[in-house]
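The values are calculated or read from the model by the stated rules, or taken from the named source; none is laboratory data. Predicted model, so just to flag it, every value in this text is computed and none were measured. Don't worry about glycine lacking a Cβ; one is built from the backbone with ideal geometry, like all the others, and counts go over all protein chains shown.
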């Protein structure tokens, strides 16, 4: 075949011609001593190919398509971008003009974000920050880069706080990220009062505010918080907003507020006095409530308890008369109250039978809640796995989760991967996805809408995994840097804190901190950290971490921002194998101790008032549990009326 260029050989012709003239060289049979196959794999090949392809993008002759966005051109390879994007896969593999076009123009696509997505396709790396997360999420949604969508979604969930949760909620809804909007809704439910003081709240549209106020799971510490939030929103721009006051106040459950508060609205609030409809609404609400004293009002605030509302009164329809409203008054809302929930494990009454096993009580009850206002223990549906020890309990999205544990009997001594969830609305326990590792004597904490379980495995490392309630799945994360076997954990200010030591007596405690955005652990050196605590327990309240142990009445508190430890008032007694839980503005500590020479065993509770630096005895737990775990949730207390067996009547 003649060359297309007379008098000139092509590179391929020269190479092939040289090889043909030399001919094949025979390999002497004596050189092949082993007839087995030799499998070769270059570990760096995949990474090297990606890096090489990234370099080839700079040469348009070696790229097979050029993407154009905002006037900028991006040479690339169809196959590479199609592997990372469902959008481009459909475009280049389908029967479209773009599938063979040398240039493809992308309209309404941010060129800066497109450049980052293409770089990710070739390198597998991307840097997400507050300045680009919304743009990346928007563009990755447009072009269907699922990995980037998932990573941006997680970043937004990790960055959520009272100042931005409303914006993140709307952003997630508008870009088809239900896991983001769901997390934002949960955050709003648990932090409505803090959110209502932020600029985002004041900038809400009337329609959006009505949607939020209609949420039947808003948890507030003060009854009037919803009404006060409405008034702040109207005051921010009274001209156009005053007309919406009656409708929004209807959603603030005025019928449940103390009469004195309603009187003050009529007497001192200009927005109410200037609106006939608002005055009529408040007057009608007062007539429904009557005029009880604050002490006798069923929703009066006290004892550090918080409350919320479940059943919403129906707003007045447009044009409905006051008379009609009086004929069909709205149903008074039921209340949610914040309570202490406890799952009990092994009990003192258990005894060994002839086979060396454990004899269970005839009617074992192991799940109860304590109402600080009535000071009574009420029964809840039993946790299905009786007689356990070493399990851990947390509350997330107002559900109760129990993970791991062991029976510790002759027939069942192994840790378990089991995990359970109790939903107060359903009133039933349900198994959820099993953990990746079996765990006993581990700890768990909630951070950014996810459950973290820490330690308790059979290896000399603090293994950690995380549960996503939206995806209903567990995933392993980085283990803690330093091994501890005697530890506790809590979340505070967007990070996870692990404090503990090895089981050797008097081994100094170590404080470690986990950053969920970076998936990195760090060891914190802080002054005055306690030297040693047996079976430590910790809890977070008002941005401070409180720490106690089984072997001492001392209470330590850590300030993460100042990085310093201090001591507060001593406990009245020891509390072993129990819990420490924030509830309202107080801390509840539970646990058992042996009292007196006769070996009398008590399981008691104390409450800490942070403002007064004062511990108060709150009574006993309803059973002599040798092991239990606890947390706090909001419940409709009127639904559960059975006193827990063995109730002390506190």
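Determine whether segment 147-163 contains at least one residue that is surrounded by 18 or more Cβ atoms within 10 Å (Cβ to Cβ) and closer than 17 Å to residue 109 by Cα.
So far as segment 147-163 goes, yes, one or more of its residues are surrounded by 18 or more Cβ atoms within 10 Å (Cβ to Cβ) and closer than 17 Å to residue 109 by Cα.
Condition first: assigned to a loop (DSSP other than H, G, I, E, B), on the phi < 0 side of the Ramachandran plot and either at pLDDT below 90 or surrounded by fewer than 21 Cβ atoms within 10 Å (Cβ to Cβ) (or both). Now tell me which residues in segment 388-404 satisfy that.
Once the filter is applied, which keeps residues that are assigned to a loop (DSSP other than H, G, I, E, B), on the phi < 0 side of the Ramachandran plot and either at pLDDT below 90 or surrounded by fewer than 21 Cβ atoms within 10 Å (Cβ to Cβ) (or both), segment 388-404 yields only 388.
Could you list all residues from segment 216-227 that are part of a helix (DSSP H, G or I) and either closer than 23 Å to residue 583 by Cβ or touching a residue at least 40 places away in the same chain (Cβ under 8 Å) (or both)?
Correct list: 225, 226.
May I ask you to verify whether residue 57 is surrounded by 16 or more Cβ atoms within 10 Å (Cβ to Cβ) and closer than 15 Å to residue 101 by Cα?
Taking the combined requirement at face value, the residue does not satisfy it.
Report yes if residue 567 is out of contact with any strand residue (DSSP E or B) (no Cβ under 8 Å at 6 or more places or on another chain) and touching a residue at least 12 places away in the same chain (Cβ under 8 Å), otherwise no.
Judged against the criteria, residue 567 is not a match.
In the set 176, 167, 172, which member is touching a helix residue (DSSP H, G or I) at 6+ places or on another chain (Cβ under 7 Å), outside the structural domain of residue 127 (by TED's automatic domain parsing) and assigned to a loop (DSSP other than H, G, I, E, B)?
After applying the criteria, what remains is 176.
From (1) within 16 Å of the chain's Cα centre (by Cα); (2) buried (at least 19 other Cβ atoms within 10 Å of the Cβ); (3) closer than 24 Å to residue 153 by Cβ, pick out the condition that doesn't hold for residue 443.
Residue 443 satisfies every listed condition except (3).
Residues checked against (1) more than 29 Å from residue 584 (Cα to Cα); (2) within 31 Å of the chain's Cα centre (by Cα); (3) modelled with pLDDT under 90; (4) buried (at least 16 other Cβ atoms within 10 Å of the Cβ):
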{"position": "245", "(1), (2), (3), (4)": "yes, no, no, yes"}
{"position": "260", "(1), (2), (3), (4)": "no, no, no, no"}
{"position": "282", "(1), (2), (3), (4)": "no, no, no, yes"}
{"position": "287", "(1), (2), (3), (4)": "yes, no, yes, no"}
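Among the residues that make up segment 209-217, is at least one of them modelled with pLDDT of 95 or more, closer than 18 Å to residue 272 by Cβ and not assigned by TED's automatic domain parsing to the domain that holds residue 583?
Yes; the residues of segment 209-217 include at least one that is modelled with pLDDT of 95 or more, closer than 18 Å to residue 272 by Cβ and not assigned by TED's automatic domain parsing to the domain that holds residue 583.
Every residue in segment 188-198 that is in a helix (DSSP H, G or I) and under 20 Å from residue 635 (Cβ atoms), please. Don't jump to the end; show me each part of the working.
If we filter segment 188-198 for residues that are in a helix (DSSP H, G or I), which is where we start, we get 188-190, 192-195.
Answer for segment 188-198, where residues must be in a helix (DSSP H, G or I) and under 20 Å from residue 635 (Cβ atoms): 188, 189, 190, 192, 193.
Go through segment 493-511 and give me each residue that's buried (at least 22 other Cβ atoms within 10 Å of the Cβ), under 24 Å from the mean Cα position of the chain (by Cα) and either in contact (Cβ under 8 Å) with a residue 60 or more places away in the chain or more than 23 Å from residue 543 (Cα to Cα) (or both).
Correct list: 497 only.
If you check residue 122 against the conditions, is it more than 26 Å from residue 180 (Cα to Cα) and touching a helix residue (DSSP H, G or I) at 6+ places or on another chain (Cβ under 9 Å)?
yes
Restricting attention to segment 405-412, does a residue exist that is at pLDDT 95 or above, part of a strand (DSSP E or B) and either surrounded by 19 or more Cβ atoms within 10 Å (Cβ to Cβ) or in contact with a helix residue (DSSP H, G or I) (Cβ under 8 Å, 6 or more places away or on another chain) (or both)?
no
Criterion first (assigned by TED's automatic domain parsing to the domain that holds residue 393, touching a strand residue (DSSP E or B) at 6+ places or on another chain (Cβ under 7 Å) and either part of a loop (DSSP other than H, G, I, E, B) or farther than 20 Å from residue 558 by Cα (or both)) does residue 474 satisfy it?
On the way: assigned by TED's automatic domain parsing to the domain that holds residue 393: yes; touching a strand residue (DSSP E or B) at 6+ places or on another chain (Cβ under 7 Å): yes; either part of a loop (DSSP other than H, G, I, E, B) or farther than 20 Å from residue 558 by Cα (or both): yes.
Here the answer is yes, as residue 474 does meet what is asked.
Quick one: how many residues across segment 76-105 are more than 17 Å from residue 143 (Cβ to Cβ) and touching a helix residue (DSSP H, G or I) at 6+ places or on another chain (Cβ under 8 Å)?
The number of residues fulfilling the criteria is 0.
Restricting segment 84-109 to residues that are part of a loop (DSSP other than H, G, I, E, B) and modelled with pLDDT of 95 or more, which is farthest from residue 70 (Cα to Cα)?
Within segment 84-109, the match that is farthest from residue 70 (Cα to Cα) is 85.
Only one of (1) more than 18 Å from residue 622 (Cα to Cα); (2) surrounded by 15 or more Cβ atoms within 10 Å (Cβ to Cβ); (3) at pLDDT 95 or above is not met by residue 341, so which one is it?
(1)
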